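Here's the structure, in structure tokens; my notes come after.
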Amino acid sequence: MRELSVVITVMDEEKNIKPLLEAVRGALAGIDYEVILVDDGSADQTKREVLANADDRTILVELRKNYGQSTAMTAGIDHSQGRYVALLDGDLQNDPTDIPSMLELLKNEDWDVVAGNRKNRKDGFILRKIPSRIANALIRRMTGVYIKDYGCTLKVFRREIAEELGLYGELHRFIPVLAKLQGARITQVDVKHHATCTR
């Protein structure tokens with residue numbers, strides 16, 4: 001069993017695959033890891049780019065059509081073998097260099113989930129930040145899960161928590177809530193954020 005599985009959902013990300021895999025390899029050089037790339041029904045050359053840039057740590061999971069991010073994440077988790085599971089965006093929005101410190105925090109302080117908080121978001125204030133803040137405040141109030149940023153994909157889990165998330169539809173947006181329902185201990189750390197389009 002590997003130490004860490006990095007699950008990345010991609011759709012029409014042909015231009016991002018090479019820099020994404022290079023960034024992951026550089027960030028995780030000291031960790032026994034695997035990368036599971038889930039192609040969620042891409043219509044471009046994403047598959048070709050994955051195969052061209054894959055190594056022995058890379059696994060490609062192909063979905064026949066676009067099922068959505070939650071289903072793609074579940075497929076990736078199901079194909080993973082790591083003791084711990086990290087979720088990462090395929091559009092270079094998250095920086096994989098944050099993963100090692102998140103993994104160490106999870107292990108050293110006995111957390112079940114370490115979630116990322118996009119501290120320096122470059123998104124437009126009106127179009128993204130205000131609706132995001134309102135949504136996050138409502139979710140916190142309704143669920144009792146008090147983290148700042150529900151929309152950040154970057155998270156690290158203990159395997160047993162990741163396996164029981166039961167993601168489908170748009171539930172990937174509520175992963176901390178689903179984890180809390182399992183009794184998970186959750187903390188959040190600030191992570192680097194690069195402005196890109198999101199799914």
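The values are calculated or read from the model by the stated rules, or taken from the named source; none is laboratory data. The shown structure was predicted, so the numbers you read here are calculated from the model rather than taken from an experiment. All Cβ positions, even for glycine, are placed from backbone atoms using ideal geometry, and neighbour counts span all protein chains on display.
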Selection from segment 76-107 of residues under 17 Å from T46 (Cα atoms) and assigned to a helix (DSSP H, G or I) yields G76
Within segment 48-84, of all residues that are over 14 Å from the mean Cα position of the chain (by Cα) and among the polar types (S, T, N, Q), the one farthest from D32 (Cα to Cα) is N66
For segment 46-69, state whether one or more residues are polar (S, T, N, Q), touching a residue at least 12 places away in the same chain (Cβ under 8 Å) and over 20 Å from I99 (Cβ atoms).
-> yes
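Per-residue answers, yes or no, for (1) at pLDDT below 95; (2) of a type in the set (D, E):
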position: I36; (1), (2): no, no
position: D39; (1), (2): no, yes
position: R57; (1), (2): no, no
position: Y67; (1), (2): yes, no
position: G90; (1), (2): yes, no
position: K119; (1), (2): yes, no
Picking from V50, V38, V24, the residue that is part of a strand (DSSP E or B) and either among the hydrophobic types (A, V, I, L, M, F, W, C) or surrounded by 21 or more Cβ atoms within 10 Å (Cβ to Cβ) (or both) would be V38
